[in-house]
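Reading through the structure tokens given below for one structure.
Where a number appears in this text, it was derived from the coordinates with a stated rule and is not lab data. These numbers were taken from a predicted model, which means no experiment stands behind them. No Cβ is skipped: glycine too gets one built from the backbone with ideal geometry, and neighbour counts run over all protein chains shown.
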Amino acid sequence: NTSISVVDPQNRRSSYQDVGGLSAEVARIREMVELPLHRPEIFAQLGVDAPRGLMLYGPPGCGKTLIARAIAQQTDAFFLSINGPEIIQKHYGESEELLRKIFEEAQKHPATILFIDEIDALAPNRETVLGEVEKRVVGQLLALMDGVTSRGKVVVMAATNLPNSVDPALRRPGRFDREISINPPTKAGRAEILEIHTRFMPLAADVDLEWIAAVTHGFLGADLAALCREAGMACARDGHAEDAGSPFFVRLAHFQQALVNFRLSTM
Ligand code: ATP
């Protein structure tokens, strides 16, 4: 009796405005996903198959999940999110059945984005895996992808930071045949991401996000989000010590403190 471990536990809402530094990538993904979901009849009329699978690759923490969730939100699609290692490890021996049920669930809604994070764990290259169970799971996933009707409705978005470990059969036409890399942010991208994560923060006049973007080379989106949270915490501690009644402003010093803590925690 395998249950489907749906889905988006925090049911967080996100929109394209929450994704920083990836406008070209988001535009390309929207092109591929929105038309098939919104106007599947176009593909039917043209007699061509709509894209079914899209692979996003790049290091974790750069916004792959964020993009998938934003697309689902903005297209009014049902968002189903699963995690490769979880399906394999927690449901060992039941993974095939579980996958079948997940794809079945996806087909029940008028439009669904099925997001598979860390797909490399579900579909490793069959030439390099030894276990029969693992091989069967790959086969099952291939069969399920082939069974997704080609006329829109379900778009499967997969994410991996190891694209070359994924079984090549999965990357053939009709499966995950579109690939987009989601790279660590540039300085301009970091500034945009900082902008997003400080949107609801009362910032003091001395906070220069461009400067913070310049000194955070190598920080990914998730790091920048953590940095902003940490600066907020530093401010809360300060305000608490000074005068709990006065309005709080997050100052540059709080970001500097957060940067020091961040560097210490990753050393
Ligand atoms: P994983 O492969 O681990 O799922 P991911 O690339 O999907 O990683 P997310 O889970 O989308 O990364 O990012 C984690 C968090 O970091 C997001 O919820 C968001 O707060 C922040 N973040 C990451 N990238 C960006 C970005 N480009 N713009 C704004 N926030 C970002």
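Rg(Cα) of the range 101-257 divided by 2.2 N^0.38 Å? Mind showing how you got there, number by number?
Values: Rg = 22.6 Å, N = 157, 2.2 N^0.38 = 15.0 Å.
In units of the 2.2 N^0.38 Å rule of thumb, it is 1.50.
From the phi of every residue in the range 64-69, what ³J(HN,Hα) in whole Hz does the Karplus formula 6.51 cos²θ - 1.76 cosθ + 1.60 yield, where θ is phi - 60° and glycine or proline is x?
5, 5, 4, 5, 4, 5
If you wrap a convex hull around the alpha carbons of the range 1-148, what volume per residue comes out, as a whole number of Å³? Don't skip to the answer; put the middle values down first.
Working: hull volume 19.1 nm³, N = 148.
Considering the Cα atoms of the range 1-148, their hull volume per residue is 129 Å³.
Step through the residues of the range 199-206 one at a time and calculate ³J(HN,Hα) from phi using the Karplus curve (6.51 cos²θ - 1.76 cosθ + 1.60, θ = phi - 60°), rounding each to whole Hz and writing x for Gly and Pro.
The phi angles translate into 3, 9, 9, x, 9, 6, 4, 7 Hz.
Between R172 and R199, what is the FRET efficiency for a Förster distance of 35 Å, r being their Cβ-Cβ separation, to the nearest 0.05?
0.25
Sort M157, M32 so the one with the fewest other Cβ atoms within 10 Å of its own Cβ comes first. Don't skip to the answer; put the middle values down first.
Working: M157 29, M32 17.
In order of increasing Cβ crowding within 10 Å: M32, M157.
Give the relative contact order (percent, whole number) for the range 48-114; include only Cα pairs under 8 Å separated by 6+ residues.
Across the range 48-114, relative contact order equals 36 percent.
Going by Cα centres, the range 24-54 and the range 121-143 are how many Å apart?
Measuring centre to centre over Cα atoms gives 28 Å.
How much of the DSSP bridge set in the range 79-225 is antiparallel, in percent, rounded to the nearest 5?
10 percent
When the chain is treated as a GNM, springs tying every alpha-carbon pair under 10 Å, which of F219, F249, F200 comes out with the largest mean-square fluctuation?
Among F219, F249, F200, the largest GNM mean-square fluctuation belongs to F200.
Beyond 21 Å between alpha-carbons counts as too far, so tell me which of K64/K90; K101/K153; K101/K135; K90/K135; K108/K135 fall in that bin.
From K64/K90; K101/K153; K101/K135; K90/K135; K108/K135, over 21 Å: K64/K90; K108/K135.
Of the DSSP beta bridges with both residues in the chain, give the percent that are antiparallel, rounding to the nearest 5.
Antiparallel bridges: around 5 percent, rounded to the nearest 5.
Suppose only helical runs count, i.e. DSSP H with n ≥ 4. What mean residue ellipticity at 222 nm does that imply for the chain under -39500 (n - 2.57) per run, divided by all residues and rounded to the nearest 500 deg cm²/dmol?
Helix-only estimate at 222 nm: -15000 deg cm²/dmol.
Taking the beta-carbon count within 10 Å as an exposure proxy, list R172, R178, R263, R52 from fewest neighbours to most.
In increasing order of surrounding Cβ atoms, one gets R263, R172, R178, R52.
Applying 1/(1 + (r/R0)^6) with R0 = 30 Å to the Cβ-Cβ distance of Q17 and A214, what FRET efficiency is obtained, to the nearest 0.05?
Efficiency, rounded to the nearest 0.05: 0.80.
Expected output is a single nm value to one decimal: the length gained when fully extending between K187 and R263, i.e. 0.36 nm times separation in residues minus the C-alpha distance. What is it? List each step's numbers first, then the result.
Numbers: separation 76, 0.36 × 76 = 27.36 nm, distance 1.82 nm.
My answer for the length gained is 25.5 nm.
Could you list T128, T160, T198, T186 so that the one with the fewest beta carbons within 10 Å of its beta carbon is first and the one with the most is last?
Fewest to most other Cβ atoms nearby, the residues stand as T128, T186, T198, T160.
Got a sec? Which residues in the range 53-75 would a label at L35 touch, if it sits 7 Å along Cα→Cβ and we count backbone N under 14 Å?
Label zone hits: none.
Hey, got a sec? Which GluC sites (Glu not before Pro) in the range 69-166 land in a DSSP loop and have at most 15 other Cβ atoms within 10 Å?
Loop-located and lightly packed - E94, E127.
Would you mind getting me the FRET efficiency between L252 and L162? Use the beta-carbon distance for r and R0 = 51 Å, nearest 0.05.
So the FRET efficiency works out to roughly 0.85.
How high is the relative contact order of the chain, given as a whole-number percent (alpha carbon pairs under 8 Å, six or more residues apart)?
Numbers: 427 pairs, mean separation 65.4, N = 267.
Once divided by the residue count of the chain, the mean separation gives 25 percent.
Given bins 5 angstrom wide, list per bin the percent of all Cα-Cα distances in the range 107-148, short to long.
Result returned by the calculation: 5, 20, 26, 22, 14, 8, 4, 1.
What number do you get for the range 132-198 when its Cα radius of gyration is normalised by 2.2 N^0.38 Å, N = residues?
This ratio for the range 132-198 stands at 1.53.
Sort largest first and round to whole Å: the equivalent ellipsoid semi-axes of the chain, each the square root of five times a Cα gyration tensor eigenvalue.
Whole-Å semi-axes of the equivalent ellipsoid: 39, 21, 17.
Given a cut-off of under 8 Å on Cα pairs at least six residues apart, what relative contact order in percent is computed for the range 124-200?
Answer for the range 124-200 is 35 percent.
Compute the length gained on full extension between E127 and D206: take 0.36 nm times their separation in residues and subtract their Cα-Cα distance, giving the result in nm to one decimal. Write down the numbers at each step before the final one.
Details: separation 79, 0.36 × 79 = 28.44 nm, distance 5.64 nm.
So the chain would gain 22.8 nm between E127 and D206.
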